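Data first, discussion second: the structure below is written as structure tokens.
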């Protein structure tokens, strides 16, 4: 079978993204977002230390037939810090305000990676009538790692002290194989096989991210498992088998708890399947959107 890791000829490099960037003023927050295409809406939400550019490999594909939108959560990317305290319920409300402002009142497919998956689930639980599909990609929401709070505090302190320096080193690492592997290996299975332009976009947009510490603290305090059975819309769970950030065991936990869920595990893949295996990711997401799941169906 042909290895589909990475994308040697990405469509996103051929697009002038400046024509697709917009800003919207919401209660207590200004949000930067990218939008391409027309049709049924699909909204993409990035993870911690991420940005809308986490979905560069996916936006052009879905923009062919849909209204594809990816936002920077407040405190990340080009969206400034909000006036309200950052936590996962606040981000869930922010997503509803965002959809309302853009006229996305129903039939929205929402896709979230890592922290973005938790935000998407929170939004669906808060107002399920707006959404008709939920996709959780290596989603946060389970406190199931060794000493999570201690590790989270240590990570926050390290980010506060060295975040800007880490960003500078990561920029250097994009073009140097060994530091590239060291800096990106925690999130990607084979960072040396991804295009340097894609990695540069992640670093350039993702650092600095002033919302990192508050968002991480909220994730560590938030355990979603007791509410997941209330998610009644069709849900797809996508995970990398070699995810070092959130173990693939969490994918099974999500799948067991969400009634109308299907599970896709990508072998030899890390924490960001949408970037690592974009062709496969886009294909299974197309299939999921097109499928008409009957009540009780689960793949």
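Each eigenvalue of the Cα gyration tensor of the chain, multiplied by 5 and square-rooted, gives one semi-axis; in descending order these are 25, 22, 21 Å.
Judged by the mean number of other Cβ atoms found within 10 Å, the most tightly packed of the peptides 115-128, 238-251 leads the ranking 115-128, 238-251. Packing-based ranking of 13-19, 201-207 yields 201-207, 13-19, ordered from highest to lowest mean Cβ neighbour count within 10 Å.
Counted over all Cα-Cα pairs of the range 1-67, pairs farther apart than 18 Å make up 46 percent.
By the count of neighbouring beta-carbon atoms within 10 Å, fewest first, 59, 228 end up ordered 228, 59. Between 190, 254, 33, the GNM of the chain built on Cα springs shorter than 10 angstrom shows 190 fluctuating the most.
Highest mean first, the peptides 135-142, 73-80 sorted by other C-beta atoms within 10 Å per residue fall in the order 135-142, 73-80.
So what's the gap between the Cα centers of the range 209-259 and the range 7-44, to the nearest angstrom? Comparing the Cα centres of the range 209-259 and the range 7-44, I get a distance of 24 Å.
Its DSSP H runs of at least 4 residues, each contributing -39,500 (n - 2.57), put the calculated 222 nm mean residue ellipticity of the chain at -11500 deg cm²/dmol, to the nearest 500. If you plug the beta carbon distance of residue 84 and residue 185 into 1/(1 + (r/R0)^6) with R0 = 35 Å, you get a FRET efficiency near 0.50.
Values quoted throughout were computed directly from the atomic coordinates according to the rules given, and no laboratory measurement underlies them. This one's a predicted model, so the numbers in the text were calculated from it and none came from an experiment. Glycine gets a Cβ as well: all are built from the backbone with ideal geometry, and neighbour counts include every protein chain shown.
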